[in-house]
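Peer 1: I'd like to ask you about the structure that follows.
The values are calculated or read from the model by the stated rules, or taken from the named source; none is laboratory data. If you're wondering where the values come from, they're calculated on a predicted model, not measured in any experiment. As a convention, Cβ positions derive from the backbone with ideal geometry for all residues, glycine included, and neighbour counts pool all protein chains shown.
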Amino acid sequence: MQLRLLPIFILLALSLGSHFFPATLRADITVNASLSHTSFPEGRMSQLTITVNGASRNVDISLPQIDNISLHSRGQSSQINFINGSMSSSLIHNYLVQATQPGSYTIPPITVTISGDEYTTKQLDFDVTSSGPKNNSTKNDSEARLDEVAFLKITTTGEHYPGEIVPITIQAYFNQKYRFDEISLPTLHGDGVTSPQISGNPDKGEEVVDNRSYHVLTWNSSLSGVKVGKQSLRFTLEAALLIPQQRRRQSPFDDPFFSNFLGGYQRKPISVESDEIVFSVLPLPAENKPDNFTGAIGDFTFEVTASPLSLDVGEPITLRMTIHGKGNFDRVEAPDFPENSAWKTYTPTSEFSPATDSSSESKFFEQAIVIKDPAIREIPSLRFNYFDPKQKKYITRTSDPIPIKLNQTIAQPSTPQIKAKVVITTNPVKQERIQRSENLAPIQLETGSFHQTLEPVFKKGWYILICVVSILSLFVTLFIKKTRLHKANHPEIEQARYRKQLLKEDMQTISQAAASGNRTQFLSDCRKTTQSQLGLLWGVEPTAISYTDLCNRLPSESPLLDIFTQAEAAAYGAVVISDEQMQAYVTTLSTELENLI
Amino acid sequence: MKTSIATILIAATILLLQGFSLAAQSEQAINTIFEEANMAFSEGDYKTAIEKYQEITSQSGQSAAVLYNLGNSYAQSGQIGMAVLHYERAVRIAPSDSNIVGNLQLLKKESGLFVNEYEGFERILFSLSLSQWLILFLVVLAVLACFHIFSLLHPIRKKTIIVFTAFCCLILCLSSIGGYSRYQKFNPAIVISSDARLLISPFETSTSVGIIQEGRSVYPSKTHKNYTHVVDETNRKGWIANSAIEAVCNPAGK
């Protein structure tokens with residue numbers, strides 16, 4: 001029972017204590033402010049410490065506004081001491097004082113409100129000195145300040161050759177006093193030099209430079225010159241500097257943890273640059289340069305193996321060439337197999353084996369070669385050329401000729417011998433193949449559509465149908481186009497057809513008039529027909545054609561003149577023509593006008 | 001009269017339904033064999049798998065999937081020639097199936113069956129398969145026809161018509177030549193025997209020209225009794241036993 005009540009007593013005691021202790025301590029509350037440096041150069045900072053003795057909560061500090069001075073909160077800490085039975089508590093607020101201009105400054109008394117009571121600190125004076133006259137260094141002040149925060153260091157490089165792989169180390173130094181975030185990978189800036197993609201996992205370490213402790217990130221990479229000459233280059237790296245945010249009010253929980261957690265930092269992007277370095281790229285010497293030099297630079301060894309070495313004519317030999325060492329393997333190509341009509345060669349395949357740790361790298365080439373000449377007794381020696389930058393000369397590695405044994409003999413046809421050979425050559429292949437079959441793509445689980453024959457697609461009905469339809473469409477289209485073109489090029493044909501049709505219709509009208517015995521109508525139709533046909537022929541308005549026009553443009557003996565005269569006369573007076581004459585006019589008119597068409 | 005027509009219609013319907021039912025049963029049976037074959041393959045019983053897949057091809061014809069699985073089974077059981085043969089057959093049906101093409105190339109590479117290489121214009125001609133050339137031909141032909149029909153209905157500049165037609169004709173010529181070149185090699189025979197030899201005469205006791213590797217392609221030109229005169233990929237000529245080779249598209253269509 002008593003044990004059960006113990007927690008309640010403890011809570012009561014704490015509650016009472018929280019009420020009584022501040023009251024007991026309130027009488028001893030003091031507030032002090034101090035600066036770590038009363039004189040510091042521009043670009044550096046001094047630490048302002050405000051100590052509140054006798055209180056550990058409900059403290060509100062009102063920071064003054066000072067021109068060219070910014071105060072950055074660096075958090076707070078509290079302390080409770082029991083000395084000889086008496087307890088004391090203190091609360092310490094830290095700020096960084098940063099000046100943007102040199103000069104003498106004063107921090108006026110700072111008002112600290114504790115549980116409604118106001119306390120003030122004493123006035124603080126300090127001087128910000130200039131960072132000194134500029135030296136001959138190319139860096140300006142801001143860069144110098146940034147160097148104290150972070151900087152990049154690149155290992156120096158000497159003289160190299162185009163394509164040579166030059167290992168470099170990039171070290172990024174970050175001052176341990178500051179916090180950083182979002183650190184990017186170093187980026188190369190410079191023409192005429194290339195660098196492979198830098199790994200995202202640098203080595204981490206610590207180092208002290210000028211009495212400042214730095215976190216150091218180290219990347220191992222390489223440079224390769226592509227242009228001859230002195231190439232200037234530098235590396236840059238982006239990061240975010242976390243600057244403590246100036247806070248006017250305490251967090252509601254009055255605790256440094258919550259102060260930092262609830263928006264304690266401001267991100268300031270910074271760009272860290274290395275010093276500019278000069279990468280000298282010398283031209284490769286032209287003297288003694290091998291013809292088949294592919295640009296390989298480094299230090300390499302060369303080995304050639306072949307299998308099988310006992311074979312028949314026509315059986316392929318697999319030539320395996322290994323180039324081992326250090327250098328620019330991207331320029332390492334398979335050595336050329338000597339051109340010889342006795343051999344058929346296939347394009348080699350390559351496989352690159354990158355270095356593990358500091359070991360050398362290797363590149364393997366596999367090439368199939370087939371003997372065409374039974375007189376061949378050895379695989380000729382192969383040559384691999386490269387340039388050694390240390391010795392500054394071209395090196396040629398030559399493989400030894402590989403003797404081979406041709407089993408095929410023209411005069412030995414016996415079957416048992418063939419079978420014996422087969423046992424030797426095929427069994428190892430089969431065993432090896434079964435081991436390699438894991439690389440095959442897996443089986444399919446749907447049967448798919450079945451085909452009774454394996455025939456090319458052009459024999460299938462749908463293919464033939466589409467082809468025929470397309471070709472027919474093409475021919476029909478071309479025919480139509482040609483006809484259209486012909487009509488467009490010869491408009492007189494169409495006109496003649498039109499005139500013929502018109503004449504046919506007019507002659508039907510004339511015949512009907514003749515049949516009905518309407519002589520006036522007959523002659524009027526004859527006149528109109530003559531005018532319309534001649535109008536189309538001469539390209540003039542038909543009604544404008546007169547007897548005079550006919551006289552001028554038709555032969556004098558043309559029967560049309562007589563018919564037109566009769567028709568004109570009929571238009572102005574009574575003209576009597578017989579039925580026979582009308583029939584004769586119909587025939588004559590038709591014949592004459594058709595002749596004109 | 002009406003009764004007899006109704007009887008005929010009912011009988012025809014029953015027959016039709018029976019036909020559908022039989023076809024469905026047959027398809028189900030094929031699927032069952034296919035699954036059994038796949039199961040046997042998964043268990044490493046390649047001999048049974050081969051028998052089952054062959055049962056399917058003898059009953060229903062050839063499908064790319066069955067031929068491919070058959071090729072895989074032969075490859076796993078170490079019969080390179082038969083594996084290449086069935087992959088080649090599967091490629092004839094599905095030339096763009098990456099699994100088939102990939103396995104065929106892998107098998108050839110691992111078995112030392114290096115693919116013949118082409119240079120210059122030949123490289124262009126052999127860059128596409130026969131089906132691809134033929135489809136290209138058909139598509140270009142159809143497009144050309146459609147273009148000219150369109151040009152009838154809507155005026156198009158003469159220069160555009162000439163350039164487009166010339167371009168299409170060029171593609172048609174190229175695809176014709178490519179298709180023809182491919183068709184020449186559409187039906188090779190594959191060496192399926194591990195001890196095949198080229199002989200200078202079609203007799204068993206004849207002198208050997210040289211060994212010819214299992215899985216290699218040869219192009220038959222004439223036959224004499226049990227021997228076929230072939231040209232291999234390296235232009236070697238000789239007689240080979242009929243039993244040592246099998247045509248990719250054999251006359252029986254099997």
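Peer 1: Could you say whether any residue in region A:246-262 is modelled with pLDDT of 80 or more and either acidic (Asp, Glu) or surrounded by 13 or more Cβ atoms within 10 Å (Cβ to Cβ) (or both)?
Peer 2: Taking every residue of region A:246-262 in turn, none turns out to be modelled with pLDDT of 80 or more and either acidic (Asp, Glu) or surrounded by 13 or more Cβ atoms within 10 Å (Cβ to Cβ) (or both).
Peer 1: While we're on this one: If only one of B:His224, B:His148, B:His229 is in contact with a strand residue (DSSP E or B) (Cβ under 8 Å, 6 or more places away or on another chain) and either surrounded by 15 or more Cβ atoms within 10 Å (Cβ to Cβ) or among the hydrophobic types (A, V, I, L, M, F, W, C) (or both), which one is it?
Peer 2: Being in contact with a strand residue (DSSP E or B) (Cβ under 8 Å, 6 or more places away or on another chain) and either surrounded by 15 or more Cβ atoms within 10 Å (Cβ to Cβ) or among the hydrophobic types (A, V, I, L, M, F, W, C) (or both) holds for just one of B:His224, B:His148, B:His229, which is B:His229.
Peer 1: Which of the residues that make up region A:274-307 are surrounded by fewer than 19 Cβ atoms within 10 Å (Cβ to Cβ), farther than 20 Å from A:Ser399 by Cα and touching a Lys or Arg at 6+ places or on another chain (Cβ under 6 Å)?
Peer 2: A:Glu276, A:Val278, A:Ser280
Peer 1: Looking at A:Arg234, A:Arg212, can you tell me which residue is surrounded by fewer than 19 Cβ atoms within 10 Å (Cβ to Cβ) and either under 30 Å from A:Ile395 (Cα atoms) or modelled with pLDDT under 85 (or both)?
Peer 2: Answer to the check: A:Arg212.
Peer 1: So A:Ala33 clears everything in (1) at pLDDT 80 or above; (2) more than 30 Å from A:Gly103 (Cβ to Cβ) except one condition, right? Which one?
Peer 2: (2)
Peer 1: State the number of residues belonging to region A:458-478 that are over 19 Å from B:Leu144 (Cβ atoms) and not in a loop (DSSP other than H, G, I, E, B).
Peer 2: 2
Peer 1: Continuing with the same structure: Can you find even one residue in region B:114-129 that is among the small types (Gly, Ala, Ser) and under 24 Å from A:Ile471 (Cα atoms)?
Peer 2: yes
Peer 1: Listed residues B:Ala65, B:Ala29; which is at the interface with another protein chain (Cβ under 8 Å from one of its Cβ atoms) and free of Cβ contacts under 8 Å to residues at least 40 places away in the same chain?
Peer 2: Answer to the check: B:Ala65.
Peer 1: Out of (1) touching a strand residue (DSSP E or B) at 6+ places or on another chain (Cβ under 9 Å); (2) within 7 Å of another protein chain (Cβ to nearest Cβ), the odd one out for B:Glu88 is which?
Peer 2: Just one mismatch for B:Glu88, condition (2).
Peer 1: Let me ask something else about it. From the list A:Thr447, A:Thr477, which residue is over 45 Å from the mean Cα position of the chain (by Cα) and of a type in the set (Ser, Thr, Tyr)?
Peer 2: A:Thr477
Peer 1: Is it the case, given these coordinates, that A:Phe329 is surrounded by 20 or more Cβ atoms within 10 Å (Cβ to Cβ) and closer than 30 Å to A:Asn175 by Cα?
Peer 2: Criteria not met by A:Phe329.
Peer 1: Moving to a separate point now. What residue, among those in region A:481-495 that are in a helix (DSSP H, G or I), surrounded by 11 or more Cβ atoms within 10 Å (Cβ to Cβ) and out of contact with any His (no Cβ under 9 Å at 6 or more places or on another chain), is nearest to the other protein chains (Cβ to nearest Cβ)?
Peer 2: Restricting to residues being in a helix (DSSP H, G or I), surrounded by 11 or more Cβ atoms within 10 Å (Cβ to Cβ) and out of contact with any His (no Cβ under 9 Å at 6 or more places or on another chain), the top hit is A:Arg484.
Peer 1: Separate question: Within region B:89-135, can you find the residues that are of a type in the set (Lys, Arg) and modelled with pLDDT of 85 or more?
Peer 2: B:Arg89, B:Arg92, B:Lys108
Peer 1: Which one of the conditions (1) under 45 Å from the mean Cα position of the chain (by Cα); (2) modelled with pLDDT of 90 or more; (3) more than 30 Å from B:Leu134 (Cβ to Cβ) does A:Thr509 fail to meet, given that it meets all the rest?
Peer 2: So the condition that A:Thr509 fails would be (1).
Peer 1: Further question: If a residue must be outside any helix (DSSP H, G or I), more than 8 Å from every other protein chain (Cβ to nearest Cβ) and under 19 Å from B:Pro188 (Cβ atoms), how many such residues does region B:116-137 contain?
Peer 2: The number of residues fulfilling the criteria is 6.
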